[in-house]
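Take a look at the structure set out below.
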Amino acid sequence: MTTIFGLGLFTSCSKADKEESVASEPKVVTTGVNAAEAATLLSGRNDVTVLDVRTPKEFSGGHIKGALNFDIKQDDFKEKLAKLEKGKAFLVHCRSGHRSQRSVVIMEALGFENIYHLDGGLNAWQLAGNPVAMGDGKE
């Protein structure tokens, strides 16, 4: 009993130690945006990278102009993400929002700091009358 109590004393940390550790971690900010907000975001800033996490076939059938295509279903998805600059702003989407929400969780775990999620995905983007580019994205 004394040994267990003694171990507890040695492993505890002070409130200041905990606060310092939290303060040194990057702040992850994820913001859900609708199609109109996303269009405004993209027209008002040139520092936002659009990340489309659908399959290449879906992407070639229509995508937001200038988007990167990283298929979440591929084995190298996390490795591709890890090569991106984590401090940049990213607008992430898929067709309807489900795969992109999974992607956002992965990006947060990798330390991305400024993520915008297009709620409703490309479906919502198109329903709002926003333009899409066709082809493989090498426009």
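The values are calculated or read from the model by the stated rules, or taken from the named source; none is laboratory data. In this text the structure is predicted, and so the values were computed from the model without any measurement. As a convention, Cβ positions derive from the backbone with ideal geometry for all residues, glycine included, and neighbour counts pool all protein chains shown.
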### Query
Hey, Ala36 hits all of (1) among the hydrophobic types (A, V, I, L, M, F, W, C); (2) in a helix (DSSP H, G or I); (3) crowded, with 18+ Cβ neighbours inside 10 Å but one; which does it fall short on?
(3)
### Selection status of Gly129, touching a Gly at 6+ places or on another chain (Cβ under 7 Å) and free of Cβ contacts under 8 Å to residues at least 60 places away in the same chain
no
### Query
Taking segment 51-93, which residues are more than 16 Å from the chain's Cα centre (by Cα), on the phi < 0 side of the Ramachandran plot and small (Gly, Ala, Ser)?
Ser60, Gly61
### Task
Output the residues belonging to segment 43-67 that are at pLDDT 95 or above and within 15 Å of Ile115 (Cα to Cα).
Val48, Thr49, Val50, Leu51, Asp52, Val53, Ala67
### Hits in segment 98-119 - residues which are over 13 Å from Thr31 (Cα atoms) and surrounded by fewer than 22 Cβ atoms within 10 Å (Cβ to Cβ)
His98, Arg99, Arg102, Ile106, Ala109, Leu110, Gly111
### Summary
Listed by first then second residue, the pairs whose first member lies in segment 48-76 and is more than 19 Å from Met107 (Cβ to Cβ), whose partner is modelled with pLDDT of 95 or more and surrounded by fewer than 15 Cβ atoms within 10 Å (Cβ to Cβ), with beta carbons under 6 Å and at least 6 positions apart or on separate chains, are Gly62/Val132
### Query
If you scan segment 120-139, which residues turn out to be buried (at least 21 other Cβ atoms within 10 Å of the Cβ) and at pLDDT below 95?
none
### Task
Considering only segment 1-42, state which residues are over 18 Å from the mean Cα position of the chain (by Cα), among the hydroxyl-bearing types (Ser, Thr, Tyr) and at pLDDT below 95.
Thr2, Thr3, Thr11, Ser12, Ser14, Ser21, Ser24
